[in-house]
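Read the structure below first, then the notes.
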Amino acid sequence: MTSARQLSVISNEQIAESISLKTIESLFAAILQDEFLSAWKPTLHGKDLQCLTLQKDGFTQVILGPESFMSFDRMQSQVERYKLPMAAIICAGTEEELQKLPLEAVQAGSLTLGLPTSVSSLHACIKSIVSFQNALTNANAERDVLEETTENVKHVMSISRELNGERDITKLLNLILLKARQICRADAGSIYTLDYASGSSRLEDAKLRFRFTQNSSIKPDFAEFTIPIDNKSIVGNAAIHGKPINIPDLYDLSDDATRNPFGVKHNRSFDQRIGYESHSMLTLPMFDISHRVIGVIQLINRKRDWKTDLRAPQDFKDHVIPFLERDEEYAEIVAQQAGIALENAEMHNEIRRLFDGFVNASVTAIEQRDPTTSGHSHRVAKLTTGLAKAVDRSDDPHFKNIKFSEDQIQEIEYASLLHDFGKLGVRENVLVKAKKLYPWQFEALMERFELIRASIEIGFMRAQINFMNNPAAFPMDFSVDNLAELRSRKLAELDDYLSFIMKANEPTVLEQGGFERLNEIAKMTYEDLHGRKKSYLSTEELKALSVSRGSLTAEEFAEIQSHVVHTYEFLRKIPWGHRLSNVPEIAAKHHEKLDGTGYPNQALASQIPIQSRMMAIADIYDALTAADRPYKKAVSAEKALDIINMDVRGGKIDGQLMELFIASGIYKIVLPK
């Protein structure tokens, strides 16, 4: 039993807590009058509606009585805004009433409070629900952070792949800036690169070059410019110290730079000129693999929502926030990846410039060896790459599955420029042979005919002297005039022989009967100074002059053809890498024909890549139209196309490619302007 003395020390609060709350009305009354729960700002909704709310620290509890939760479906529109974890719906009633809890209330995640209960139990229940809401909020926040971190890690990994896959410096710089902005939700940004003095790697000898700017809200128009690297600018400061600079709000900086972090200040005139406000700013240096600063990324205005545009002054107040610590971490990762990607791209470009220099030097060597074909390699390269690009964009069914990457176009260009490199292995006199006889052969022949002429003259002079000394030794009707007439006939015949030989020496088609005439001349003899009989034409001269077309004998033509083999053997020794690995094969097959009559390997159509087929058209077309060949006259573009189409009809040249070559007008790009 409780003594009177014990009862006297029981407080009013203890008495209140011991009161049993049996009905929803008594529960609501106790909540509204409870001093402890007053901090939750209890609010009763409606006169006949059994609904009471408690709110504190951003959390809400909605307590529903039986009349409310029994008709939960009718209250759905009112309570659906109350969802865990920020809000909890509590259905209060007796055990019998709670057993009738509608399915809709259960599906909405409602909690229950059984009656009767005590004030102390009510307090414990409210505290327990708040703890549950806190725990759930923290769990959701951690889950969101984890999900965001996971997404950002995936994003960073994808950024790394994208950056390292780009070789074009301009595109790469724009991509670096865009990815840095995306991962940090920056509305705007700029990117700078460092121009180091030749032969120097010191910052003191470098300048910062402004390359690009991006802005989601406005369209700025800026040209490249350079600024010195010093502490007066934020980008210069970041480059010098090699550390990120995070400024929460530029507009909070003092006009006195000495009072600001890093000793910098914000010039608002720039913002005013473009109608923009630069508030939060994150500036990060980019490093190469040796940790040398090679650029700076500057991000401006982190937004709560990446998709929001900043137009009016109020937008900057409502939507711009400082860059967070994790933004800085992610941006640094992007900057590190960007620095490596930029260095790789620069190295790739240096290698490409090296290859370009080597290829151009090789072409120069070819042209110096054979000046008569000067410019041929570059024209063939221009025609072949032009045709390749036409194929790439063609809608023709024959070419719909054929696409050339940038590397493949480069591969075609290199192969075209070097397609005649093997001519360095061909004897120069054969390579530049303009007529059927070599110059020294023709000179020897001319001297021989002068000797024959002199021999004829001397012979007739001797006959004339003999006649004058002993006329009786000659026929009765013989006279000096007869000798003169015979001499003239002999010399005219000799001149006719020489004239025919000079005509036959031209690299044109040998006229009908020419071979027999040459044989006839070759059988003619004369006596040299020692009285020995010699032929008018040597065996080598007869063979050369008997060439039916062009200027080369079969052996010489075979030697010229061998340049393709020399080209292949030379090119395959160069480590082209996997991107340009087909250069040797493309170059080596440009003289092959679809019907197997080409050289050097008489390859069939299935063995000839389309790149070589395109080069074959370009090579023949330029050889026909070139005006710098001493052994032939240039033909018109129309005539050249007709000649190549004859080979198309003969099954030697790819007809679809030839049609595109003509239809696209590619052949016109090397015509004189």
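The values are calculated or read from the model by the stated rules, or taken from the named source; none is laboratory data. What you see is a predicted model; the values in this text were computed from it and never measured. Glycine gets a Cβ as well: all are built from the backbone with ideal geometry, and neighbour counts include every protein chain shown.
What the table shows:
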item	result
Residue list for the stretch 387-419, filter: farther than 15 Å from Q656 by Cα and of a type outside the set (A, V, I, L, M)	K403, F404, S405, E406, D407, Q408, Q410, E411, E413, Y414, S416, H419
Evaluation of I333 against (1) closer than 20 Å to A616 by Cα; (2) in the same structural domain as H279 (by TED's automatic domain parsing) (one fails), failing number	(1)
The stretch 383-405 - residue that is surrounded by fewer than 18 Cβ atoms within 10 Å (Cβ to Cβ) and in contact (Cβ under 8 Å) with a residue 60 or more places away in the chain and, of those, nearest to N349 (Cα to Cα)	I402
Residues located in the stretch 425-459, provided they are assigned to a helix (DSSP H, G or I), in contact (Cβ under 8 Å) with a residue 24 or more places away in the chain and either touching a Cys at 6+ places or on another chain (Cβ under 9 Å) or small (G, A, S) (or both)	G425, S455
Per-region count, the stretch 544-560, residues part of a helix (DSSP H, G or I) and either buried (at least 16 other Cβ atoms within 10 Å of the Cβ) or in contact (Cβ under 8 Å) with a residue 40 or more places away in the chain (or both)	5
Every residue from the stretch 350-376 that is more than 31 Å from the chain's Cα centre (by Cα), touching a residue at least 24 places away in the same chain (Cβ under 8 Å) and in a helix (DSSP H, G or I)	R369, P371, T372, T373
Among (1) over 19 Å from E346 (Cβ atoms); (2) more than 25 Å from the chain's Cα centre (by Cα); (3) at pLDDT 85 or above; (4) β-branched (V, I, T) - the single one T213 does not satisfy	(2)
Candidate set: the stretch 433-448, residues that are crowded, with 17+ Cβ neighbours inside 10 Å and among the hydrophobic types (A, V, I, L, M, F, W, C); chosen: the one nearest to T567 (Cα to Cα)	L437
Filter result (β-branched (V, I, T) and at pLDDT below 90) within the stretch 626-668	V635
Top-ranked residue of the stretch 287-316 - restricted to ones that are among the β-branched types (V, I, T) and part of a loop (DSSP other than H, G, I, E, B), ranked as surrounded by the fewest Cβ atoms within 10 Å (Cβ to Cβ)	I289
Members of the stretch 575-598 found to be surrounded by fewer than 19 Cβ atoms within 10 Å (Cβ to Cβ), more than 19 Å from S377 (Cα to Cα) and out of contact with any strand residue (DSSP E or B) (no Cβ under 6 Å at 6 or more places or on another chain), listed by number	P575, W576, G577, H578, R579, S581, D595, T597
Some residue of the stretch 413-426 being of a type in the set (S, T, N, Q) and either buried (at least 16 other Cβ atoms within 10 Å of the Cβ) or more than 26 Å from E559 (Cα to Cα) (or both)	yes
The stretch 173-199 residues that are without any contact (Cβ under 8 Å) to a residue 24 or more places away in the chain and under 20 Å from S217 (Cα atoms), paired with ones that are of a type outside the set (A, V, I, L, M, F, W, C) and not in a helix (DSSP H, G or I) (beta carbon under 8 Å, 6 or more apart)	L175/E166
Cβ-Cβ under 9 Å pairs, at least 6 apart or on other chains, the stretch 476-501 side part of a helix (DSSP H, G or I), far side among the acidic types (D, E)	R487/E457; L491/E457; Y497/E520; I501/E541
Residue satisfying all of: in the stretch 535-559; among the small types (G, A, S) and within 51 Å of the chain's Cα centre (by Cα); modelled with the lowest pLDDT among these	A558
Hey, T364 surrounded by fewer than 18 Cβ atoms within 10 Å (Cβ to Cβ), over 24 Å from D195 (Cβ atoms) and at pLDDT below 85 or not	no
Failed condition for E506, given (1) farther than 20 Å from K534 by Cα; (2) in a helix (DSSP H, G or I); (3) modelled with pLDDT of 85 or more	(2)
Scope the stretch 176-233; condition of a type in the set (S, T, Y) and either over 22 Å from A335 (Cβ atoms) or not assigned by TED's automatic domain parsing to the domain that holds R311 (or both); matching residues	S198, S200, S217
Only listed residue being touching a residue at least 12 places away in the same chain (Cβ under 8 Å), hydrophobic (A, V, I, L, M, F, W, C) and buried (at least 16 other Cβ atoms within 10 Å of the Cβ), chosen from L324, L284	L284
Within the stretch 264-281, considering residues that are hydrophobic (A, V, I, L, M, F, W, C) and modelled with pLDDT under 90, the one surrounded by the most Cβ atoms within 10 Å (Cβ to Cβ)	V264
Flag for Y568 being under 34 Å from the mean Cα position of the chain (by Cα), of a type in the set (S, T, Y) and at pLDDT below 90	yes
Test: residue in the stretch 106-124 that is in a helix (DSSP H, G or I), over 56 Å from the mean Cα position of the chain (by Cα) and modelled with pLDDT under 85	yes
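Residue-by-condition table, conditions (1) surrounded by fewer than 16 Cβ atoms within 10 Å (Cβ to Cβ); (2) under 16 Å from T525 (Cα atoms); (3) β-branched (V, I, T):
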residue	(1), (2), (3)
I452	no, yes, yes
F460	no, no, no
N466	yes, no, no
N470	yes, no, no
F474	yes, no, no
R489	yes, no, no
E493	yes, yes, no
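For (1) in a helix (DSSP H, G or I); (2) charged (D, E, K, R); (3) under 19 Å from L194 (Cβ atoms); (4) in contact (Cβ under 8 Å) with a residue 60 or more places away in the chain, each residue gets a yes or a no:
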{"residue": "D230", "(1), (2), (3), (4)": "no, yes, yes, no"}
{"residue": "I240", "(1), (2), (3), (4)": "yes, no, yes, no"}
{"residue": "T258", "(1), (2), (3), (4)": "yes, no, no, no"}
{"residue": "H266", "(1), (2), (3), (4)": "no, no, no, no"}
{"residue": "E277", "(1), (2), (3), (4)": "no, yes, no, no"}
